[in-house]
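The values are calculated or read from the model by the stated rules, or taken from the named source; none is laboratory data. From a predicted model like this one, the values you see are computed outputs, not experimental measurements. When we count neighbours, we look across all protein chains shown, and the Cβ atoms used for this are built from the backbone with ideal geometry, even at glycine. To get the accessible areas, we keep the full protein, side chains included, count just its heavy atoms, and leave off ligands, DNA and RNA. Shrake-Rupley method; radii C 1.70, N 1.55, O 1.52, S 1.80 Å.
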Amino acid sequence: MGRALYTAVTGLKAQQTKLDVVANNIANVNTTGYRSSRVLFQDIFSQTLSGGSAPTATNGGTNPQQVGLGVQTASIDVNHNQGSLITTGINSDLAIQGNGFFVLSDGVTDVYTRDGSFTVNSVGVLIDPATGLRVQGYTADASGAIDSVNTNPGDIIIPLGGDGIANATTTAALVGNLNSETNAGDSVVRNVEVFDSLGIARNIEFTFTKSATGNMWDWNTSYTGDGGVVSAGSGTLDFDGNGNAIGASATGTLNLTAAQLETQPPLPDALTVALDFSDVTQLAPPADPNADPSAQPPSDLTLRSQDGFPLGVLNSFSIGGNGQVIGVYTNDRTQVIAQVALASFANVGGLDRDGNNAFRQSPASGLANVGTPGTGGRGTVSGGVLESSNTDLGTEFSELIITQRAFQANSRTITAADTLLQEAVNLIR
């Protein structure tokens, strides 16, 4: 009877542990990125009353007789299944679809979380506002390229209002038509805007002069700066009998030194632009029937494209499915600023809970394998959404009922054993 008492006590302790876990799951039903847990039990050991015997020629053998001595907690496992995604519309809110964890750091120690309710602090660092830990990722270079192979993760900095980009023009293409009926020596003048390395717009004057030789036009570029008018490049544009620009003549180069652009600091880099005239034609456009018959139809020539742009300041940002932080600038340009890092583990069940929705790696989990989203089975990142708790209330309430009844049953066992002991004591009366 005493054995039954102690066995029932182990049952009470085990069910109490399970009740604690269920209670914690229910308490965190609305905790962002929370991972629910479950309890598994196993028997402790058994007292052998008689051992088993092997069959003989005259006896079929006997099985062992054993009495179990109770139950114990075998494991408390974390359920890492995906939680539902909830749209928030806040750019700095992030959620992982698939496996992986965000990496947070205090500069010394890293922790890992599924809670992506981040914000940008006063100095532009992406942080977890509850703990102040900094979100880790890879910083893009000046061209927006990410090198996650040769660089280590670091703080993600989004300097709203403080970061600017500009790009010097390196290519420019003109399109249009030069009137084939233009008299030799007559010119067509067009102004084209390009940008230097500081993002300053520079007005370049293109002059196309009809040559007396065949289907040729001489072109010249000039720039008027503080030091006066300087030539920036020249050449000859040759057309075939169909009015199309011929080969190498359809290209040219515009060159301006820093001193020609500015005479006072700050001086930009020298400006070199590859010119493309391949879309320029020499045809006779139809005359306007309402125009003076003696007047020549004008030439139509304009800038088709150029790859430079003026200075823009970081105005806002968004985060794409690959975890890239894309900055939106006041000059309507976008550029990658950084990319969020994710960590994966060989055994996610081996992670230690660290509080504040975070986990720490342990010998059971293995080392963190940190990389970019969408690689190495780490899942993808979505911006403007959060992952909800994966606690299933229906399951937890069912477990709550089962645990309650199991606790009651073990209590009744103790009551029954106590009654039997009382009867044994009463035998001496």
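Observations, loosely collected:
- A crude spin-label estimate for the pair Ala409 and Gln422, with each label 7 Å from Cα along the Cβ direction, gives 2.4 nm.
- If you run the Gaussian network model on the chain, springs between alpha carbon atoms under 10 Å, then out of Asn59, Asn24, Asn150 the most flexible one is Asn59.
- Stokes-Einstein translational diffusion, the range 305-429 - Kirkwood Rh over all Cα pairs, 1.306 mPa s, 10 °C, in µm²/s: 76 µm²/s
- The packing ranking, built from the mean of other Cβ atoms within 10 Å per residue, places the peptides 43-52, 254-263 in the order 254-263, 43-52, highest first.
- Taking the convex hull of Cα positions in the range 1-69, its mean projected area over all directions (nm²): 7.3 nm²
- Remark: C-alpha extents of the range 123-202 on the principal axes read 76, 29, 17 Å, sorted largest to smallest.
- In terms of its C-alpha gyration tensor, the range 58-99 has a prolate overall shape, because the principal axis ratio a/c (a ≥ b ≥ c, square roots of the eigenvalues) is not below 1.5 and a/b outweighs b/c.
- If you model the chain as an ellipsoid using its alpha carbon gyration tensor, with each semi-axis the square root of five times an eigenvalue, the axes come out at 83, 22, 19 Å, biggest first.
- Accessible surface of the range 341-410 [probe 1.4 Å, protein heavy atoms]: carbon and sulfur percent: 55 percent
- Counting heavy atoms of the protein chains alone, Val111 has an accessible area of about 10 Å² for a 1.4 Å probe.
- FRET efficiency for the Ile200 to Ser180 pair, using the beta carbon distance and R₀ = 30 Å, is estimated at 0.20.
- Accessible surface of the range 73-149 [probe 1.4 Å, protein heavy atoms]: carbon and sulfur percent: 48 percent
- Percent of Cα-Cα distances greater than 24 Å, calculated over the range 1-122: 58 percent
- Net length available on complete extension from Leu69 to Ser398 is 115.7 nm, with 0.36 nm assigned per residue and the Cα-Cα distance removed.
- Spin-label model, Arg304/Ala57: points 7 Å from Cα along the beta carbon direction are separated by 10.7 nm.
- Among Ile402, Ser316, Leu267 - extreme Cα towards positive end, dipole of the chain, charges at beta-carbon: Ile402
- Computed over the alpha-carbon pairs of the range 141-281, the distance histogram in 10 Å steps reads 10, 33, 24, 18, 10, 4, 1 percent, short to long.
- Structure-based [θ]222 nm, the chain - -39500 (n - 2.57) summed over DSSP H runs of at least 4, per residue, nearest 500: -5000 deg cm²/dmol
- Tail fraction, Cα-Cα pairs, the range 363-429, threshold 20 Å, whole percent: 69 percent
- Contact order normalised by residue count of the chain, Cα under 8 Å, 6+ apart, percent: 23 percent
- Given charges at Cβ of Lys, Arg, Asp, Glu: the chain dipole, positive-most of Ser46, Trp219, Gly241: Ser46
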